[in-house]
């Protein structure tokens with residue numbers, strides 16, 4: 001069975017791995033993305049790249065790593081991608097983790 005190009009894979013909440021998440025958010029740019037998303041809701045990729053002053057390719061790379069680690073969720077709408085923090089899943093699996101990441105400035 002072929003996978004649709006529109007389908008974006010996200011790990012299940014039960015598959016989230018703390019070591020992988022910490023390794024992923026250990027990068028200053030990815031941590032900045034997490035902080036940018038911490039207000040809740042979805043943000044389009046172009047808004048994130050503008051807020052952080054990143055080229056599109058760099059932003060896409062870091063967003064993919066965050067999604068694959070299970071830190072963010074990405075939703076496609078046409079050609080646009082919207083990203084949100086998976087705070088509920090992260091809080092359920094690793095209580096307090098997101099607060100520690102946000103307070104670690």
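Please treat every number below as a calculation from the coordinates, not as lab data. Bear in mind that the values here come from a model prediction, so they are computed numbers and not experimental data. Quick reminder, even Gly has a Cβ in these numbers, built from the backbone with ideal geometry, and neighbours come from all protein chains shown.
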Legend entry - Theoretical gain in end-to-end length, residue 17 to residue 36 [0.36 nm per residue, Cα-Cα removed]: 4.6 nm
Legend entry - Burial ranking of peptide ranges 61-70, 86-95 (average Cβ count within 10 Å, highest at the top): 61-70, 86-95
Legend entry - Computed label-point distance, nm, for sites residue 104 and residue 80 using a 7 Å Cα→Cβ extension: 3.2 nm
Legend entry - Computed helical MRE - 222 nm, the chain, DSSP H runs ≥ 4 contributing -39500 (n - 2.57), nearest 500: -14500 deg cm²/dmol
